[in-house]
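A.B. asks: Okay, here's the structure, questions in a sec.
The values are calculated or read from the model by the stated rules, or taken from the named source; none is laboratory data. Just so it is clear, the structure is predicted and the values come from calculations on it, not from any experiment. Note: ideal-geometry Cβ built from the backbone for every residue, glycine included; neighbour counts use all protein chains shown.
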Amino acid sequence: MRKLLITLTVLGLISAFALAFVYQWTMPKILQHQEVGKKDAILTVLPESEQYQEVRKGDLTFYEGNKNGEVAMVASGGGFQGQIEVMIGFNPAAGKVYSIKVLNHQETPGLGAYITGGKFESNFVDKPFGEYKVVKRPVKSAHEVEAIAGATISSEKVAEIVEKAIKEIREVYGGEI
Amino acid sequence: MQLWNDFKNGLWQENPIFRLVIGLCPTLAVTNTAINGLAMGLATSFVLLASEIVISTIKKLIPNDVRIPSYILIIATFVTFVDYFLKAFFPAVAVSLSLFVPLIVVNCLILGRQEAFASKNPVHRSIADALGMGLGFTWVLVLLSIVRELLGMGAVFGFQVLGDWYQPMIIMILPAGAFISLGILVGIMNYIARKGVRK
């Protein structure tokens with residue numbers, strides 16, 4: 001019995017030490033990639049801006065583009081399996097969403113994971129503000145979002161995240177529905 | 001000679017996918033593009049090699065009753081290393097393999113080789129076994145993913161090889177396509193193997 005405990009304890013300690021070193025070595029690089037990824041995402045969702053400024057208002061952080069009053073923000077919420085993080089570009093004056101880009105998610109590969117990769121995200125290109133309805137067919141009106149086949153929940157969650165972000169952006173920057 | 005046989009074993013006679021039919025979860029899940037198949041094959045091979053070396057070295061120190069938890073702990077350590085390593089140096093690959101990298105821990109190929117080989121054989125033979133099994137796993141993954149990417153997207157390693165006339169079969173890059181192409185490949189391999197025996 002003692003031998004079993006000692007074996008597992010020693011193995012666990014060695015493993016934890018080794019991984020602590022790996023963590024310290026790789027974490028700065030991983031964070032750097034995320035930073036670059038965020039920057040790219042901001043400039044992707046803001047069609048005309050080439051630069052942006054980070055602005056804090058209350059608890060929220062916004063990225064204001066240098067043209068057209070474009071604003072981007074990161075919104076997140078629960079998905080089917082874990083947190084979904086989305087970068088969203090807005091034009092509050094025109095009351096519309098420019099486009100969105102999913103930054104992080106843990107949805108099912110092959111199903112919900114298709115919230116990334118363009119096709120689903122393109123649902124939100126030049127989307128007017130408002131409440132969205134997720135439908136399982138090609139969209140017919142401006143407030144509809146076409147669900148991913150087999151991943152209705154993931155699709156609805158992303159739509160909810162965008163709706164919530166619209167609410168937040170309207171509180172700060174105004175914008176009509 | 002014995003080392004060569006240990007190595008060759010995994011490539012064909014006891015190929016993990018075609019012959020032993022183990023480790024199918026990543027096989028089916030990530031082989032939708034050739035680059036994913038290759039990356040998953042190499043990541044798994046690395047974990048297999050590293051853990052076979054460690055386990056065959058310390059096998060006498062591990063009491064029989066806790067050998068499975070000990071193996072899993074060792075395997076998980078290397079998998080976590082690979083996970084961080086990919087995220088830091090190959091972020092694009094890390095994103096497309098996403099949660100299948102942590103899942104290497106439960107790939108039964110790896111635990112199976114520890115139990116069947118590394119825990120009974122000396123280090124140098126375990127290295128040969130790990131290299132053979134790892135390569136055997138990798139080449140099948142790459143073959144399978146080339147077939148699926150070619151039929152499903154008309155591309156190989158991301159390069160478009162089939163022209164506009166080709167209507168991609170979307171099913172090939174979905175899970176069902178993995179089962180279909182794996183089944184056909186296993187059939188072909190069995191046919192070849194049987195013909196070899198008859199000669």
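A.B. asks: When the residues of segment A:119-145 are filtered to those that are assigned to a strand (DSSP E or B) and within 15 Å of A:S99 (Cβ to Cβ), which remaining residue is nearest to the other protein chains (Cβ to nearest Cβ)?
C.D. replies: Once the filter is applied, the top-ranked residue is A:V145.
A.B. asks: Keeping to segment B:56-72, report how many residues are facing chain A (nearest Cβ under 7 Å) and either surrounded by 19 or more Cβ atoms within 10 Å (Cβ to Cβ) or in contact (Cβ under 8 Å) with a residue 12 or more places away in the chain (or both).
C.D. replies: Of the residues in that region, 2 qualify.
A.B. asks: Within segment B:81-91, is there a residue that is in contact with a His (Cβ under 7 Å, 6 or more places away or on another chain) and at the interface with chain A (Cβ under 9 Å from one of its Cβ atoms)?
C.D. replies: Within segment B:81-91, one or more residues are in contact with a His (Cβ under 7 Å, 6 or more places away or on another chain) and at the interface with chain A (Cβ under 9 Å from one of its Cβ atoms).
A.B. asks: Of the conditions (1) assigned to a loop (DSSP other than H, G, I, E, B); (2) crowded, with 20+ Cβ neighbours inside 10 Å, B:V82 fails just one. Which one is it?
C.D. replies: It fails just one condition, (1).
A.B. asks: Out of segment A:147-177, which residues are without any contact (Cβ under 8 Å) to a residue 24 or more places away in the chain and touching a helix residue (DSSP H, G or I) at 6+ places or on another chain (Cβ under 8 Å)?
C.D. replies: Scanning segment A:147-177 gives a single hit, A:A147.
A.B. asks: Looking at (1) assigned to a helix (DSSP H, G or I); (2) closer than 22 Å to A:L111 by Cβ, which is the only condition B:L143 fails?
C.D. replies: Failed condition: (2).
A.B. asks: Out of all the residues in segment A:117-151, which are more than 15 Å from A:E163 (Cβ to Cβ), at pLDDT 85 or above and of a type in the set (S, T, Y)?
C.D. replies: Hit for segment A:117-151 is A:S122, nothing else.
A.B. asks: Which condition from (1) of a type in the set (S, T, Y); (2) more than 10 Å from chain B (Cβ to nearest Cβ); (3) surrounded by 15 or more Cβ atoms within 10 Å (Cβ to Cβ) is the one that A:T7 breaks?
C.D. replies: Just one mismatch for A:T7, condition (2).
A.B. asks: If you don't mind, there's one more thing I want to ask. For B:F137, indicate whether it is among the aromatic types (F, W, Y), in a helix (DSSP H, G or I) and surrounded by fewer than 17 Cβ atoms within 10 Å (Cβ to Cβ).
C.D. replies: no
A.B. asks: Pick from segment A:67-98 the residues that are aliphatic (A, V, I, L, M) and touching a Phe, Trp or Tyr at 6+ places or on another chain (Cβ under 6 Å): which of them is farthest from A:T152 (Cα to Cα)?
C.D. replies: Applying the filter and picking the extreme gives A:V71.
To keep it simple, each residue is scored yes or no on (1) free of Cβ contacts under 8 Å to residues at least 24 places away in the same chain; (2) of a type outside the set (F, W, Y); (3) over 19 Å from A:T61 (Cα atoms); (4) surrounded by fewer than 19 Cβ atoms within 10 Å (Cβ to Cβ).
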position	(1), (2), (3), (4)
A:F80	no, no, yes, no
A:E85	yes, yes, no, yes
A:G89	no, yes, no, no
A:Y98	no, no, no, no
A:V102	no, yes, no, no
A:H105	no, yes, yes, no
A:G117	yes, yes, yes, yes
A:F120	no, no, yes, no
A:N123	yes, yes, yes, no
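A.B. asks: Taking the residues in segment A:26-39 that are surrounded by 13 or more Cβ atoms within 10 Å (Cβ to Cβ) and within 12 Å of chain B (Cβ to nearest Cβ) as candidates, determine which candidate is farthest from B:I75 (Cα to Cα).
C.D. replies: Only one residue fits best here, namely A:G37.
A.B. asks: Okay, moving on. From the list A:A93, A:A75, which residue is small (G, A, S), out of contact with any Lys or Arg (no Cβ under 8 Å at 6 or more places or on another chain) and touching a residue at least 40 places away in the same chain (Cβ under 8 Å)?
C.D. replies: A:A93
A.B. asks: Given A:V55, A:V71, which one is among the hydrophobic types (A, V, I, L, M, F, W, C) and buried (at least 16 other Cβ atoms within 10 Å of the Cβ)?
C.D. replies: After ruling out the rest, the residue left standing is A:V71.
A.B. asks: Does segment B:85-133 hold any residues that are touching an Asp or Glu at 6+ places or on another chain (Cβ under 6 Å) and not in a helix (DSSP H, G or I), and which are they?
C.D. replies: B:V101
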